[in-house]
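Here's the structure we're looking at; comments come further down.
Just so it is clear, none of the values below were taken in a lab; they were calculated from the coordinates. Bear in mind the structure is a predicted one, so any value in this text is a computation, not a measurement. Note: ideal-geometry Cβ built from the backbone for every residue, glycine included; neighbour counts use all protein chains shown.
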Amino acid sequence: MTIDFIKNGRSNHRGSPNLAGHRKAESYSKGEPISRRGFLHGLGGVGASLGLSGWARASPPAPNLLLRGDALPATEKIQLAVIGVGGHGRYHVNQWAKNPQSQLVAICDVHRGRAATAREEAEAIQGKGSCTAYQDFRELLARKDVDAVSIATPDHWHALLALAAIRAGKHVYLEKPVAYSVA
């Protein structure tokens, strides 16, 4: 099947003018280059012809609890843990602790002093006794009350920690890179 979005300087979508600008390609099937604008314009015509644009507008927006900012009862808050509280991890601790939709319940770092300092910062925001510090991530992942973990360790630990958290049934927030290789 040949997909001719732009032909003879005009698009196939209701005869509207070619928005590709300077390039007037015959079709995509002939292997000629086409501008990004022309390609996207052609995709818009396909979506409209299938009726997808009306369907997308009729769909209700997906709820995003963490962006609404409404306070939730403690039983409905997302119970979070942060693994690795140096540089970026310290920022994660402060942001998760301030979020009214979440409760930071655990912190893990191999450096005992750094873990204790981060726990104190979280408790200053959330209240005394709200957070526990660990040096071994396996102990943290064994907790049944932790719903999700935020991993902010050096890059070479990302894959190992993320897989361990997933196997423990936790949701994972992980910044790039996920791993150095897929091998």
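Miscellaneous remarks
- Cut-off under 5 Å, modelled amide H: who pairs with Gln79 long-range: Gln103, Asp147, Ala148
- Taken along the Cα-to-beta-carbon direction at a fixed 7 Å, the label points for Arg112 and Leu163 span 3.1 nm.
- Karplus-derived HN-Hα couplings along the stretch 118-128 (A = 6.51, B = -1.76, C = 1.60, θ = phi - 60°), whole Hz, x at Gly and Pro: 5, 4, 4, 5, 5, 5, 5, 8, 9, x, 4
- Alpha-carbon centroids, the stretch 130-151 and the stretch 162-183: separation in whole Å: 15 Å
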